[in-house]
Amino acid sequence: MTQALDGELVEKLQAGDLEALGVLYDRHRHLVFRTALAITGDPEMAADLLQEVFLRLYRFSHRADPHRPLEPWLYRMTANLSYTWLKRQSRWVQLFRELADRWTSNQRTAPHRIAEWDESWRWVRQAIQGLPLQQRLVVVLYYINDLSIQEIADILEIPSGTVKSRLHYARKVLRKQLGAHEEAILRVLYEAG
């Protein structure tokens, strides 16, 4: 298949073309996996959720509108399945691991810098774990997936004001929890940039 648009691929999928599903999977798997990993903090669960999201796309392709972007549907499905998993598991998760790993693996730094990174990200992950799940979801979508407030509102099917409010309160909690470590975290982030 040549570079078909997502809408064309959805139409082919609706007609029973499994190759179209494979192309969509290859095109969007990183987005889904990264989002699931950031929400759950569990690579194995993120891999399972990745498979589940695309199984649901296949199963419910008849409901998909080929004239609308596919990514918001994928984000929403990933967030909903992750949320369900977290509720079922009823345990806290570690967020930002992928981001921290990506940044640290790209750095050629001295061991003491790596230790500072690890310690700083441990503080950040602990602070994120203390956020209510609804705030964690918007933090992941906003900071890791770099989505706009309106895109998040569309994905989660909530007003943009609610997204702004959740981000505001999440930042407030994070600022309070990270206050004692703020200087070290800012130094590590500054040196990475």
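A few comments on the model shown:
- Near ALA20, once Lys and Arg are set to +1 and Asp and Glu to -1 for all other residues with Cβ below 9 Å from its Cβ, the sum equals -3.
- Chymotrypsin sites (Phe, Trp or Tyr not before Pro) restricted to the range 19-71 and DSSP loop, no more than 13 other C-beta within 10 Å: PHE60
- Largest-first principal axis extents, alpha carbons of the range 6-89, Å: 37, 20, 18
Computed from the coordinates by the stated procedures, all read-outs in this text should not be read as laboratory data. Source: prediction; values computed, not measured. Using ideal geometry, Cβ is built from the backbone for each residue, glycine included, and neighbour counts are taken over all protein chains shown.
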